[in-house]
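Notes follow once the structure below has been shown.
The values are calculated or read from the model by the stated rules, or taken from the named source; none is laboratory data. Please read these numbers as outputs of a predicted model, since none were measured by experiment. So basically every Cβ, Gly included, is an ideal-geometry build from the backbone, and we count neighbours across all protein chains shown.
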Amino acid sequence: MGVWYDPSIMADEKHRPRLLIVGASGFVGSRLALAARERFDVVCTGRRPPGEAGWVEIDITDAASVERAFEQARPRYVALLAAMSNIDRCEVERELAERVNVEGAVNVARACSRHGARLLFTSTDAVFDGTAGIYHEDDPPCPANFYGETKARAERAVADVLPSAVIVRLSLVLGTSAASGGNSYLEKVAGNLKAGNPIISPTYEVRNPIDVGTLCTLLTELLLEEGAAGIFHIGASDKISRYELARAIALRLGGDPALIVPQTEPVAGRAPRGRDDFLATTRLSQVCRTRVPTCQEVIERAVAMV
Ligand SMILES: NC(=O)c1ccc[n+]([C@@H]2O[C@H](COP(=O)([O-])OP(=O)(O)OC[C@H]3O[C@@H](n4cnc5c(N)ncnc54)[C@H](OP(=O)(O)O)[C@@H]3O)[C@@H](O)[C@H]2O)c1
């Protein structure tokens with residue numbers, strides 16, 4: 001288990017504004033909880049918090065639980081990373097996906113509105129079907145799967161409740177979790193390489209990934225840039241297929257690249273995915289100081305975490 005709580009984070013609230021991280025037990029949330037400490041007085045949330053100071057309990061599907069967490073934490077900033085993030089699970093457990101990804105996001109946005117907190121909400125490139133090959137923030141959503149549908153509905157609802165909210169669309173995030181679990185693709189690849197298991201990787205799914213370290217820096221900048229509102233795309237400046245990405249990871253980790261098996265057509269039992277979801281990041285570069293990295297830089301930074 002990663003570092004969960006440093007008692008000093010509650011001590012200097014006067015100097016650092018309070019940031020509530022909703023979903024701090026997940027992959028990105030656990031990393032943001034560590035990275036944001038320099039600029040924020042961080043309070044973490046979980047459905048089953050570790051029972052230490054610095055953590056509050058929250059179930060975002062329950063409006064009363066969200067309100068209790070806000071009353072306890074009294075945040076100035078909120079990063080909403082909690083979600084049902086497994087695409088294939090969302091496809092079959094649709095009712096739960098809708099409750100968590102849409103109703104949960106609305107509950108948090110409403111609490112931010114009541115408490116005067118600035119919200120950053122995380123969405124996904126899956127709001128697009130990947131047929132266009134490049135997507136800008138104002139392109140109309142056209143999801144290919146139910147996960148993307150829930151996130152597209154959540155984006156609209158969050159913006160309606162809180163027009164000042166920052167909505168960040170992410171492609172694949174690369175890195176390791178600071179918690180014991182979470183949705184890290186890199187950790188799955190690294191684990192399978194170590195075990196000698198083949199890794200079936202689509203040659204036709206193209207993404208612009210971002211490493212979790214750079215992502216956390218950009219999220220912090222967007223939170224603190226009070227004038228920034230609406231949708232921002234975050235991803236590398238160029239793109240790579242999932243097959244090439246898995247091979248690049250294997251080679252850098254010293255694994256056997258022959259374990260990366262090309263998959264050239266979609267297979268049954270897997271939710272549909274966009275083919276080329278490249279997220280254009282011009283808007284991000286107009287607001288953030290941090291330079292958007294290339295795919296090669298993203299891979300190197302992420303693999304260095306393993
Ligand atoms: N990872 C990626 O490559 C990627 C790509 C594109 C977009 N995103 C988006 O980025 C965000 C963060 O993703 P991630 O990879 O960090 O996800 P993750 O590892 O799956 O973490 C999800 C978090 O949501 C929490 N959660 C789930 N249901 C909840 C509920 N009802 N109430 C409160 N908390 C709940 C989980 O808490 P428990 O520990 O209690 O389950 C966990 O902390 C999500 O919005 C995701 O859709 C991620």
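Here are a few things to note about the model shown:
- Qualifying residue in the stretch 75-84 (condition: β-branched (Val, Ile, Thr) and either over 28 Å from residue 273 (Cα atoms) or in a loop (DSSP other than H, G, I, E, B) (or both)): yes
- Cβ-Cβ under 8 Å pairs, at least 6 apart or on other chains, the stretch 167-194 side more than 15 Å from residue 81 (Cβ to Cβ), far side away from the ligand (no atom under 11 Å from the Cβ) and hydroxyl-bearing (Ser, Thr, Tyr): 186/176; 187/176
- Tabulated pairs, the stretch 92-110, first free of Cβ contacts under 8 Å to residues at least 12 places away in the same chain and away from the ligand (no atom under 12 Å from the Cβ), second of a type in the set (Phe, Trp, Tyr) and assigned to a helix (DSSP H, G or I), C-beta under 9 angstrom, 6+ apart or interchain: 92/146
- Verdict on residue 286 being touching a residue at least 60 places away in the same chain (Cβ under 8 Å) and of a type in the set (S, T, N, Q): no
- When residue 185 is tested against (1) touching a Gly at 6+ places or on another chain (Cβ under 8 Å); (2) of a type outside the set (Val, Ile, Thr); (3) surrounded by fewer than 20 Cβ atoms within 10 Å (Cβ to Cβ), just one condition goes unmet, and that condition is (1).
For every residue, the table says whether it meets (1) farther than 15 Å from residue 179 by Cα; (2) modelled with pLDDT under 95; (3) under 16 Å from the mean Cα position of the chain (by Cα).
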| site | (1), (2), (3) |
| --- | --- |
| 7 | yes, yes, no |
| 19 | yes, no, no |
| 76 | yes, no, no |
| 84 | yes, no, yes |
| 92 | yes, no, no |
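- Looking at 200, 210, just one residue is surrounded by fewer than 17 Cβ atoms within 10 Å (Cβ to Cβ) and touching a residue at least 12 places away in the same chain (Cβ under 8 Å), and that residue is 200.
- With a requirement of 1 or more residues that are within 13 Å of the ligand (Cβ to nearest atom) and not hydrophobic (A, V, I, L, M, F, W, C), the helices (runs of 4 or more DSSP H) lying completely within the stretch 155-269 that satisfy it span 185-195, 242-253.
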